[in-house]
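Working notes, structure below.
Each value in this text was obtained by applying a stated rule to the coordinates, not by laboratory testing. None of the values given here were measured: they were computed from a predicted structure. Every residue, glycine as well, gets a Cβ built from its backbone with ideal geometry; the counts of neighbours run over all protein chains shown.
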Amino acid sequence: MQNETFNEQDSLRVITEMIHKTKNNVIKKDFNEFLFYGYAVLVAAVAIYATVYFTGDPRFMFLWTAMCLLYLIKTFALRKPKPEAVTYLEDMMNKVWKIIGSMFGLTLLAMFGCSPLVGRIDFSLMMPLSIIYAGIGTSITGLIIKENSLTYTPLIGLVLATYMLLDGTYDNSWNLLFGVAFLIFMVIPAHICRRKY
């Protein structure tokens, strides 16, 4: 076996190939995930806004729990077999999204657990927190694959989430803000990426 030297150019070439491979794999599957969840949130946001608006009953906000069911079905019932080999970057990206998903679940558990202490459960907080969580995951994905449209558009979502947190009082318009945030930082960048690559 020969001992070959591995210089800076070889190292840069390997890193570039890993980024390119990861980007190609993301294009094949993950942009579909961005589109799937982005459009699902957008459709749910408009439907829930319209339902609450026309009925005047804010209890229809519980229709958002359908997103949890959609996630569970997609994650566990429709699970695809793991690929035989993944790059470090793909593995890191998958782990980032597992952590983001855990944040959603732990936030719900914390809301239930803290409710006796504060005397109420305010699920409306899940909307701005979800924008922040999904935005962080989207930005990290953009950083990993070096795609600016994914990296920076979640900052717009952060502004919307900050407005919601500062406003503090749920209003039916939050449904539309929520849908717009996901349109801006998931759907539009995914379409940009699909055209680019």
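Key figures for this structure:
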item: Ranking of T16, T141, T87 by count of other Cβ atoms within 10 Å, fewest first; result: T16, T87, T141
item: Per-bin percent of Cα-Cα distances, the chain [10 Å]; result: 8, 31, 33, 17, 8, 3, 1, 0
item: Structure-based [θ]222 nm, the chain - -39500 (n - 2.57) summed over DSSP H runs of at least 4, per residue, nearest 500; result: -23500 deg cm²/dmol
item: Gaussian network model of the chain, springs between alpha carbon atoms under 10 Å - residue of E90, E147, E17 with greatest fluctuation; result: E17
item: Most mobile of Y49, Y37, Y71 in a GNM of the chain (Cα contacts under 10 Å); result: Y71
